[in-house]
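The values are calculated or read from the model by the stated rules, or taken from the named source; none is laboratory data. Note that the coordinates shown come from a computational prediction; the quantities given were computed from them, not determined experimentally. Heads up, the Cβs are rebuilt from the backbone with ideal geometry, glycines too, and the neighbour counts pull from every protein chain shown.
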Amino acid sequence: MFGSTLANNRGNSAASAQLVTPTRFVWPYGGTRVFLSGSFTRWTEHVPMSPLEGCPSVFQVICNLTPGYHQVNNLFLCWGICVPIDSVTSMILMLKKSLVIHSVYFIFVQYKFYVDGEWRHDEHQPFVNGNGGVMNTILITLPDMVPTGFSPSNMDVDDFSQQMADPSQDSIPRMSAVDLEMSRHRISVLLSTRTAYELLPESGKVIALDVNLPVKQAFHILYEQILLIPGFANSECFQGIPLAPLWDFGKGQFVGVLGPLDFILILKELGTHGSNLTEEELETHTIAAWKEGKAHISRQYDGTGRPYPRPLVQVGPYDNLKDVAMKILQNKVAAVPVIYSSLQDESYPQLLHLASLSGILKCICRYFRHSSSSLPILQQPICSIPLGTWVPRIGESSSKPLATLRPHASLGSALSLLVQAEVSAIPVVDDNDSLIDIYSRSDITALAKDKAYAQIHLDDMTVHQALQLGQDASPPYGMFNGQRCQMCLRSDSLGKVIERLANPGVRRLVIVEAGSKRVEGIISLSDVFKFLLGL
């Protein structure tokens, strides 16, 4: 039915006639009734196109095209796959450094769209002016038909070897703008129609701290919740993030959140006043006093010039998940409290849950588990999309360099780097830049073990020693499947990365080189959501 017009040309082989190439055609500009017609239908048939589920303005159809065999003299052919082309001139400009051959199997197609009674073409795809008006074109070459007896003398050896060694080159499938837009649209629709209430576990535990509690006591409480409750660090309600909303009895409301960054800043601040951190220094600091002091350090003042602590970032149980994710990203926090406040009575607000990006990502995975094909970008390798922070290659510049640590670096320098780089974790590497471990903000709670914070100086303890404190604890922090460091390869698909990040306790993946485990980059939950939401 969809035979190519090239099929009748001389030189076709019986073998080529048996081959078909499924080709996807897309019309992303809306309409009521959309048809496809082209040279592969001899312009006599109109193939109906169907709107995509969840994206009614995008129409698609897949047609099986058959190749023809043709002699092409001095044709510059891209070593690989599908090459859209509008003219021989543009093809030469695009492929001037590619392999020169003299014969090749290929499919050349001209096509147009019939939208609501009017012939249309896609201006964003290659097109030509012909006797039939403006038509889109595509040239599909078949790599398995390229003669096997090619010689390196027929190509630019340096360019070819570089492409073979660098998977970021033409061998990596390119991401379609239509696929990206469609996938983002479907995810946006899902998150806009789901609420924070759906993140609540069937049973769980959420901790709140009195704002007048001493910092030292709060430090120990969060540490004990990780350490003493089996499976708590990987539970739905805690998700490996030592955070606690703060309750002010005087105001009758939640006023903030205490987390690992607070402890890091407290230890660094107290460490500047003496050679050792004493329990007495922590005992004299209440959470409320610390929050006020932190506002002073951050130069946060109200209209009268008094320190004004940052207001609590919170959501309600009926807020949609897209708004929840946006609040987390915009405020650069690990989680937000889900708080229910009744407007009909004067009862205290109820703390229901700590909503995190991990829980929202798990919701996305659950919804699309049996229809992953409706999100085409999930098949894309992570090295081909703008996702995460990567080690720059030779000659490249990076707006956000990847921070790493050596195991012998001081804990003080590690904490300073976490604060200055505004990241939640830093890979620990050896002299060959191979991954050894990872130090995250939440690892600071390990200093509560045996009151280690009162016995050490931040500049005297190494990162390795600090990590050992956490690994000696039971269960270890942030572990999943017995591993602290969750890794992936640059060739892994986005779908595989998302599945890993949706697991409780996993907040980031370190991208490593296969075999050597040399660190190539890092992908966090925030990175994934910024990409999925187009931020």
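Of everything in region 386-422, what is of a type outside the set (D, E, K, R), out of contact with any helix residue (DSSP H, G or I) (no Cβ under 8 Å at 6 or more places or on another chain) and in a loop (DSSP other than H, G, I, E, B)? Give them in sequence order. Within region 386-422, Val391, Pro392, Ile394, Gly395, Ser397, Ser398, Ser399, Pro401, Leu402, Thr404 qualify.
Screening Ser410 with (1) assigned by TED's automatic domain parsing to the domain that holds Val497; (2) touching an Asp or Glu at 6+ places or on another chain (Cβ under 7 Å); (3) at pLDDT below 90; (4) hydroxyl-bearing (Ser, Thr, Tyr) gives one miss only, at (3). With the condition kept exactly as written, say whether any residue in region 433-444 is acidic (Asp, Glu) and modelled with pLDDT of 90 or more. There is at least one residue in region 433-444 that is acidic (Asp, Glu) and modelled with pLDDT of 90 or more.
Can you tell me how many residues in region 313-350 are part of a loop (DSSP other than H, G, I, E, B), out of contact with any Ser or Thr (no Cβ under 7 Å at 6 or more places or on another chain) and surrounded by fewer than 16 Cβ atoms within 10 Å (Cβ to Cβ)?
Matching residues across region 313-350 total 9.
Taken over region 484-512, the residue count meeting the criterion of being under 15 Å from Asp437 (Cα atoms) and either acidic (Asp, Glu) or not in a loop (DSSP other than H, G, I, E, B) (or both) is 7. Within region 486-528, being hydrophobic (A, V, I, L, M, F, W, C), surrounded by 20 or more Cβ atoms within 10 Å (Cβ to Cβ) and touching an Asp or Glu at 6+ places or on another chain (Cβ under 9 Å) holds for Leu509, Val510, Ile511, Val512, Val519.
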